[in-house]
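Enquirer: Sharing a structure below in structure tokens format, with a few things to ask.
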Amino acid sequence: MQFDDDAKLDPSQVEDVRASGRRAGGGGGGRGMMPGGCVLPVGGKGGGCLLLLVGVAALFLFQIVPTNFSGDEPQSPAPSASRPEPQGSPSGNLASRCRTGADADQSEDCRIVGTVNSIQAYWKQAFTGRGRTSYTPAKTVLFSRAVNTACGTADSSVGPFYCPRDQKVYLDLTFFDTLQRDFGAKGGPFAQAYVIAHEYGHHVQNLLGTMNRVGNDRQGATSGAVRLELQADCYAGVWAGNAVRTGFYTQPFTQADIDEALSAASAVGDDSIQRRSQGRVMPDAFTHGTSAQREKWFSVGYKSGDPARCDTFTGAI
């Protein structure tokens, strides 16, 4: 995963609200994180949420959060001891540190910026090329411990998520340590890129109105929720197949890069998580799809490079 050293980064697409330095707050979600996944409902509209509970821990991976985490309609969060204010200033010092692709090759934070830039450059091109309404950029917010969103207050145990209310992707970088350490993923830069690209897949679904197709069909092996998540995996693969054309990378991704993404996808399959947490697989409780399905749909997107091939709502998945 090699950036073009001369590529110009746009750090304004990433907000850094961490308290200080990289991964402020130390452990973040730590071992309490349990990659699973869900989509929270908005008063019966849009997706639905099914909490995967293991002890007292509940983590939603690669999720969409269209409302606050108590299930009520979102309100503007007021400062309080239990509702932490974002730390630092928007974009932190990314603007001074992340200017070119050379910076992205040297720094994790700048690599996140470059990845976000490339993903959004691709979708801007894709929307234009297909005659759709223009693509609306979405910011990624880097946080530690907890963050306020238009969908409510979330802490690190929630994992990466997309909030349609403010059209932002939220990410605590400690998640990737947990994914590798506790769930057997290979880890690596492209595992991060896959997760981010999946979340931007949800943003694309939001812009296209695809989220509305889920309705109340939020759980089960062939549910709308599973189909929505597999499509986001496919969209992540589509970006990967076209990434070099965005001008941020010097060459197509290697098989080792793709293997990192496939490993991450496999680690967070519903069946894999259920075996680890409960010792058995319960398809009726699926919300994201099996490990094999997640690998399959990322691969469909990557090999075809065509978002039209990502129709998970028609036929078998």
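Enquirer: For a quick check: with amide H placed at 1.01 Å from N, whose amide H comes under 5 Å from residue 149's, ignoring anything fewer than 5 positions away on the same chain?
Expert: Correct list: 154.
Enquirer: Could you pull out every one of the aspartates and glutamates with an alpha carbon less than 15 Å from that of residue 139, ignoring same-chain neighbours closer than 8 positions?
Expert: Straight-distance partners of residue 139: 10, 15, 16, 109, 166, 172, 199.
Enquirer: Provide the FRET efficiency to the nearest 0.05 for the residue 128-residue 255 pair, computing r from the beta carbons and using R0 = 35 Å.
Expert: The computed FRET efficiency comes out at 0.70.
Enquirer: Between residue 277 and residue 136, what FRET efficiency follows from the Cβ-Cβ distance if R0 is 30 Å, with the result rounded to 0.05?
Expert: 0.25
Enquirer: On the principal axes of its Cα set, how long, how wide and how thick is the stretch 98-176? Give whole Å, largest value first.
Expert: The principal-axis extents, from largest down, are 39, 33, 18 Å.
Enquirer: Also: Dividing the convex hull volume of the Cα atoms of the stretch 190-297 by its residue count, what figure in Å³ per residue is obtained?
Expert: 92
Enquirer: Subtracting the Cα-Cα distance from 0.36 nm times the residue separation, let me have the gained length for residue 314 to residue 155 in nm, one decimal.
Expert: Contour length minus the Cα-Cα distance gives 53.7 nm.
Enquirer: Under a Cβ-Cβ cut-off of 9 Å, what is the net charge of the residues other than residue 110 that fall near it, where Lys and Arg count +1 and Asp and Glu count -1?
Expert: That sum, taken over residues with Cβ under 9 Å, equals -1.
Enquirer: Of the listed peptides 301-311, 246-256, what is their order by residue-averaged count of other C-beta atoms within 10 Å, with the highest listed first?
Expert: Result, highest mean first: 301-311, 246-256.
Enquirer: Next question. Would you mind checking which residues have amide H under 5 Å from residue 216's amide H? H placed 1.01 Å from N; only 5 or more apart, or other chain.
Expert: When sequence neighbours closer than 5 places are left aside, there are no close amide H contacts.
Enquirer: Leaving ligands and nucleic acids out of the surface, order 182, 172 by accessible area at 1.4 Å, largest first.
Expert: Details: 182 35, 172 10 Å².
Most to least solvent-accessible, the answer reads 182, 172.
Enquirer: Assign one of three labels to the stretch 138-209, namely rounded, prolate or oblate, based on the Cα gyration tensor with a ≥ b ≥ c the square roots of its eigenvalues; rounded applies when a/c is under 1.5, prolate when it is not and a/b is larger than b/c, and oblate otherwise.
Expert: oblate
The values are calculated or read from the model by the stated rules, or taken from the named source; none is laboratory data. No experiment lies behind these values; they were computed from the predicted model shown. Reconstructed Cβ throughout: ideal geometry from the backbone, glycine too, with neighbour counts over all protein chains shown. Ligands, DNA and RNA are excluded from the accessible area calculation, which covers all protein heavy atoms including side chains. Shrake-Rupley method; radii C 1.70, N 1.55, O 1.52, S 1.80 Å.
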